[in-house]
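Step one of this worksheet: look at the structure below.
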Amino acid sequence: MTYDQIRVLHSLLGDIVLESLHLLDTDCVSRLDCEKEAKRQLYKIQETPDIQDSPKDSKDRPLYSRLCMIYPEYHCSCDFFIHSVVCEQTALMCRHVLATILYETLNDQQNNNVLNDDTFARILYTWNTSRS
Ligand SMILES: [Zn+2]
């Protein structure tokens, strides 16, 4: 990804571009594939909460998992997506959705996991948007 491409994205989407690139750079994004016949995919993004919301020592900060889907329509389980994208419609997407799109686009797909139907369904239906 070139500097000019990042600048164009930043002019369209703002600081979530930098936040998304940080998620990719720190290997926070992984793709969960259901068995090949089903062709269903989810994305799991693990990140620490904002510094002001947690203890200063990074080892004590819990990891939060977010669930994202980008096909056929994108959706994320984070509060920002629900509040700013769905309800108020003041943002196009959250940093997690952009990170998953960039994850696919940049072909940086080192963290893919193939799951059977039962495991995939259990993750989808028991997802906890808080800590994991
Ligand atoms: Zn999100």
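The values are calculated or read from the model by the stated rules, or taken from the named source; none is laboratory data. Worth saying up front: this structure is predicted, and the values here are computed from it rather than measured. For neighbour counting, all protein chains shown are included, and Cβ atoms are generated from backbone atoms with ideal geometry for every residue, glycine included.
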Fill in the blank from the handout: Output for Cβ contacts, cut-off 8 Å, separation at least six or different chains, first residue farther than 20 Å from LYS44 by Cα in the range 76-87, second more than 8 Å from the ligand (Cβ to nearest atom), reads SER84/THR90; SER84/ALA91
Practice task
Might you check whether a residue that is on the phi > 0 side of the Ramachandran plot, acidic (Asp, Glu), assigned to a loop (DSSP other than H, G, I, E, B) and modelled with pLDDT under 90 occurs anywhere in the range 27-34?
Solution key: yes
Practice task
Report, by residue number, each residue of the range 59-75 that is at pLDDT below 80, surrounded by fewer than 13 Cβ atoms within 10 Å (Cβ to Cβ) and under 25 Å from ARG40 (Cβ atoms).
Solution key: LEU63, TYR71, PRO72
Fill in the blank from the handout: Flagged in the range 18-39 as farther than 17 Å from TYR64 by Cβ and of a type outside the set (A, V, I, L, M), in numbering order, are ASP25, ARG31, ASP33, CYS34, GLU35, LYS36, GLU37, LYS39
Exercise for the section: Taking only the range 62-101 into account, find how many residues are closer than 17 Å to VAL17 by Cβ and over 10 Å from the mean Cα position of the chain (by Cα). Expected result: 9
Problem - Hits in the range 1-23 - residues which are closer than 16 Å to THR100 by Cα and more than 16 Å from the chain's Cα centre (by Cα) - result: MET1, ILE6, LEU9
Exercise for the section: Please go through the range 72-131 and pick out each residue that is away from the ligand (no atom under 15 Å from the Cβ) and assigned to a helix (DSSP H, G or I). Expected result: GLU104, THR105, ASP117, ASP118, THR119, PHE120, ALA121, ARG122, ILE123, LEU124, TYR125
Fill in the blank from the handout: When ASP50 is run through (1) within 14 Å of the ligand (Cβ to nearest atom); (2) at pLDDT 90 or above; (3) more than 14 Å from the chain's Cα centre (by Cα), the failure sits at (2)
